[in-house]
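Okay, structure first, notes after.
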Amino acid sequence: MNKNITFQTVLDALLDDSKPFPPLYLYLFSDIKPGQLKPLLKTWPQVSLARQRALLEDLEELAENDTLLCFDNLVRALLKDPDPQVRVLALRLLWECEDTRLVPTFLEILTEDSDFNVRAAAATALGLFVYLGEVEEIPAQLHHRVEEKLLAAARSTDQTLVRRRALEALGNSSRIEVAALIEAAYGEKDPDWKVSALFAMGRSGGERWGKQVLSNLRNRNEAIRLEALRAAGELALPAARPILLDLLADEEDVETQHEIIWVLTKIGGEGVQDHLMELLEMTEDGEEAEFLEEALENLAFTEEISGFDMFDIEAA
């Protein structure tokens, strides 16, 4: 980035719809300082809605690819933006933020926002704090408050998407009520509910859901099948390994192949390394080779952790 570029130049570019917004300017929104945030927020209402949304979508993509970037200061200020889609995008950019000061705002949005998509996004954001509460990294009282509000949302008459996202957010919770909600969702005829149930099962870390996850690895519904795949990886189900290896041999879609491979690296065990090495030797595609090398690294990490666990068990 040219140090001679002023932030006013960035603001002017935001307002100029006749030209594409320069991608390099996006980096200036990371860890934005109060002296820059104030004029940005003053200018924001004048920025076209299309550009506002496009900017936040670009920031989200950038944050996914570079974990050192942080746009929290900007998007916190947009949680009450007039546009629902801007509010949704702001929430999505905060889904990995562990600042407990956000919890009251998220809870208010979950219960009070006029748009159900925004309420659903707030429910997802609260899922992180359910997890943090389970590992005792936030006060128990705050953890309990988050769980209660999400339980109320999951049982409410709100839009289906809000209730589904609330259930998913509760996946990490050890509350006995959550298992019953997951079972009820799994039994629904609507496939979307089964997807949410499998998502919550994957987060639960509970062996009790192994049968349900395994039985959906070949489901004809793509969304259900993919969520079962991910849940098998999150739960590291050894029984899924032979099924996944068979699926990998038959799968033609590259993205789904990658999903299966990554799940296998989370499970590990007999035959996985050999199969990935074989795929690596066969490929002539540079990007595919890079992915397979990363997968092998993740598999090595899984096997190492598994080895430590076995050592701990034997030592005990």
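Observations on the model:
- Between the beta carbons of GLU303 and GLU148, assuming R0 = 41 Å, the FRET efficiency works out to 0.55 to the nearest 0.05.
- In the full protein context, the range 1-111 carries 57 Å² of accessible surface per residue, based on a 1.4 Å probe and ignoring ligands, DNA and RNA.
- Computed lengthening from ASP115 to ILE5, 0.36 nm per intervening residue step minus Cα-Cα distance: 35.8 nm
- For the peptides 136-145, 155-164, the ranking by packing is 155-164, 136-145, with the highest mean count of neighbouring Cβ atoms within 10 Å listed first.
- Global geometry of the chain, whether rounded, prolate or oblate, following the gyration tensor of its Cα atoms and the 1.5 cut on a/c: oblate
- Look at the alpha carbon pairs under 8 Å that are at least 6 residues apart: their mean separation over the length of the chain gives a relative contact order of 8 percent.
- Carbon + sulfur, % of accessible area of the range 116-219 - ligands and nucleic acids excluded, 1.4 Å: 48 percent
- A protection proxy built from the mean count of other Cβ atoms within 10 Å ranks the segments 51-57, 88-94, most packed first, as 88-94, 51-57.
- For the range 23-104, the fraction of alpha-carbon pairs in successive 10 Å shells from zero, as %: 17, 57, 26, 1
- Summing charges over all other residues whose Cβ lies under 9 Å from the Cβ of LEU198, with Lys and Arg as +1 and Asp and Glu as -1, gives +1.
- Accessible area per residue in Å² at 1.4 Å probe, computed on the range 193-316: 58 Å²
- Tensor-based shape of the range 174-297 (alpha-carbon gyration tensor, a/c under 1.5 rounded, otherwise prolate or oblate): prolate
- Computed over neighbours whose Cβ is under 14 Å from that of LEU79, the net charge equals -2, Lys and Arg +1, Asp and Glu -1.
The values are calculated or read from the model by the stated rules, or taken from the named source; none is laboratory data. All of these numbers come straight from a predicted model, not from anything done at the bench. Note: ideal-geometry Cβ built from the backbone for every residue, glycine included; neighbour counts use all protein chains shown. Please note that ligands, DNA and RNA were not included when accessible areas were found on the heavy atoms of the full protein model with its side chains. Shrake-Rupley method; radii C 1.70, N 1.55, O 1.52, S 1.80 Å.
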